[in-house]
Amino acid sequence: MRLACKAFSVFCLFFTLVMLGGYVDGYAMADCSVKSVGLTPLSDLVNGNYQGFSGGLYPSQSNIRPEFHEQAGLIISQNIRPLDAQGNADLNGRIGLISVGMSNTNQEFGHLLPLVDDAFNVRPQVVLVNAAQGGQSADKIVNNGTQYWEGVDRKLGDAGLTPQQIQVVWLKQADSRPSLEFPANAQQLQEELKILSQTMKDRFPNLAIIYLTSRIYGGYSRNDLRNEPVSYQTGFAIKWLIEAQINGDPELNYDPSNGPVRAPWLSWGPYLWADGMNARSDGLTWACDELREDDGHHPSDLGRDKVASMLLDFLQTDATAQPWFLNNPIACLACNDDIAIAGAFDNNQNTFIDDSEVLNAVRRWASGRPMPETGQALSDQQVEHIVDLWVQSKPIEN
């Protein structure tokens, strides 16, 4: 045995590390025994605090955007229109939605792309580009982002987009080797996210919205730099960043009537953190097989699918995403069982088209759409039923 180990020393070292410490290729194997760390998700922390800091995704321990911030977001979202390469409004233009972030972001957004391709109600002018890159954490991009942004430009070019066409960003970031204790680590990430927001506004002059997302559960990771409570604490960086904009920080101003515009409008996207298998109030959990077994902090294919589904659901249901993300000229206004009640809305004119065109548009849309659950085309009777529903539910024009 000694001779065998001497001959195959690399194998023996590999075997020993796996048996004694659970390490492979420099990564610590996932520890599936840590099914919970006892922390309360920010979205559930509405009557308590974490180390003296209040929870909730938004100010006043709320999970709902303040009314004035919501209204500002709605106005901004309704002005997102297809743009040509120079950034001018163009019916045949594009609405660029890109991801910005690290490896987790890249992997999760990569699984969103086929979901969007298969979705029946996504506006055809929306073009998604996965601009997140492995190893490119917030601190690295802020301190020396030349390589990252060159990569972003290449990806945009490959997709046929220009920086002028990017109007929405999904931002998910963390620091690679956080060395500070809470709250200093979250405050440092908050500052980096602010700089990234400002940088993106400079690079993408028509960027209107950034949706931010924190990390998923990190308790299965043995890596002290990526496990808990580090992953949990990234949520506070996002919460505080958005609160700073809501509270009028001039360095995050998005409203030209209030001075120089320094950043886009900021909002939470889907909040992803849950306490392992301890279900969140909405039922969200993270099982060990939803993270990679070789490191415990990158999502597995199951985990990537889960995040991608949550992100698609957010884009299809959030009031500030629907106006630009859902199919144009038909935008889903409400739902009746499986059948979308459709309305014709001209985003370029910000108005509903006249009644005859509305009914024809609804009829054309419904005729070409399968029912989501069965995949079968709608019958003529079902099409006319949608038209009737549209007539009954048509909103009042402004």
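A compact table of results
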| read-out | value |
| --- | --- |
| Full-stretch length increase - residue 149, residue 293 - with 0.36 nm per residue and alpha-carbon distance subtracted | 48.7 nm |
| Environment charge of residue 301, counting only residues whose C-beta is closer than 15 Å and scoring Lys/Arg +1, Asp/Glu -1 | -4 |
| Stretch gain in nm, segment residue 199-residue 68, where the contour uses 0.36 nm per residue and the Cα spacing is subtracted | 44.6 nm |
| Karplus (6.51, -1.76, 1.60) ³J(HN,Hα), θ = phi - 60°, over segment 251-261, in Hz, Gly and Pro reported as x | 6, 10, 5, 10, 9, x, 6, 9, x, x, 7 |
| Value in Å of the Kirkwood radius, where segment 49-325 supplies the Cα pairs that are averaged | 18.9 |
| Phi-based couplings in Hz for segment 58-66 (Karplus 6.51, -1.76, 1.60; Gly and Pro marked x) | 10, x, 6, 6, 10, 9, 10, 4, x |
| Amide H within-cut-off set for residue 30, under 5 Å, with H built and near neighbours excluded | 294, 295, 296 |
| Of 140/306; 35/201; 35/155, pairs whose Cα-Cα distance is over 30 Å | 35/201; 35/155 |
| Distance in nm between pseudo-label sites at residue 54 and residue 257 (7 Å out along the Cβ direction from Cα) | 2.7 |
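The numbers here are math on the coordinates, done by the rules we state, and not lab data. Computed from a predicted model, the values in this text were never measured in an experiment. Heads up, the Cβs are rebuilt from the backbone with ideal geometry, glycines too, and the neighbour counts pull from every protein chain shown.
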